[in-house]
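Single-structure report; data block below.
Bear in mind these aren't lab numbers, they're just calculated from the coordinates by the rules spelled out. These figures come from a predicted structure and were not determined experimentally.
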Amino acid sequence: MLDALGLDNLEETVYRQLVAAPSANLEELAEAADLDTYAVSAVLSALEGKGLVARASAGQDRYVASPPAVALGALLVQRQDELRRAQVEMTELAGLYRGSVARRDVADVVDVVHGTEAIAQRFAQLQYSAKKCIQALQKPQAAVVTREDADEAERAAIERGVRHDIVLERSVFDAPGIYETIDSGLEIGIELRVVPTVPLRAFIVDREIALIPLMNGEHNTVQDALLLHPSGLLDAIIALFDLIWTSAPKLVATPEGTVETAADRLEPLDTKVLSLLLAGLTDASIGAQLGLSLRTVQRRVRQMMDRAQVDTRLQLGYEAGRRGWL
């Protein structure tokens, strides 16, 4: 777990051995780590250079570990300084990039990504850079990343608070083992909906950039993809997603298994929030009644407004009646 501080596996193994012992010599460390003395000697030299070990005063052939709070703390501060400098550089580069985007012509708003490895790399970069939401239209076959890589990236994004909204084409369910994948996605907070057909594959990040994998019909694989920057074309892809998402039935996990619910059906808690809102209660009063924070009430109301595609709470009341939400 110390690789984030610049230690490789062997260095961490030897350092942990020394931390757990008053002192040790080369042979003792080699035996404990199941390594030859030449390898341990090289590791000890690297650890000395990083200030993690020192020679014991009792003899030059014995080593002791530096206090972790001091030695690792210094490495941590160093890495934090490096990250801060990298963040400043990233901000400057982002400013330059925004300036260049503003000067792009029609041909520059689309980048073509060639090759499965390049597509998988771009997909991972987008997933890990997401700050607010990830929205996707998913068709069967031709995945650009392995399931394990996708699961890891999804969990990391969800832990950062990134919302995942994914529409599945119904034929996705023909794949073996898909129900286990769907159940695990629902468990970690991904919202899934299903429609008979999806017109294209799309992966939208923060509604600011999108990756569109292109299917090779002859070989049934994805070899190229389009990376869409802010433009009218990206706006059209986002509008297409919103249109499909609004009318798609939601997948929910029940004791009997994964089932579909009506697209316009509200969750029970949202129904209570909406009922109290239309009864004239303030957000604070609704929170007190339902045991929710003010921020949670406002977030759920905002989500219902987005779902109803309205801008005001008055319009939300009208749409709620029209859609039969209450």
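For Lys139, give me every one of the lysines with a C-alpha distance below 29 angstrom, ignoring sequence neighbours fewer than eight places off in its own chain. By straight Cα distance, Lys139 reaches Lys131, Lys250.
Looking at segment 6-70 from every direction and averaging, what is the projected area of its Cα convex hull in nm²? Numbers along the way, then the final one.
Working: hull surface 16.2 nm².
The number I arrive at for segment 6-70 is 4.0 nm².
The Stokes-Einstein estimate for segment 158-253, based on a Kirkwood radius over Cα pairs and taken at 37 °C with 0.692 mPa s viscosity, is a diffusion coefficient of 222 µm²/s.
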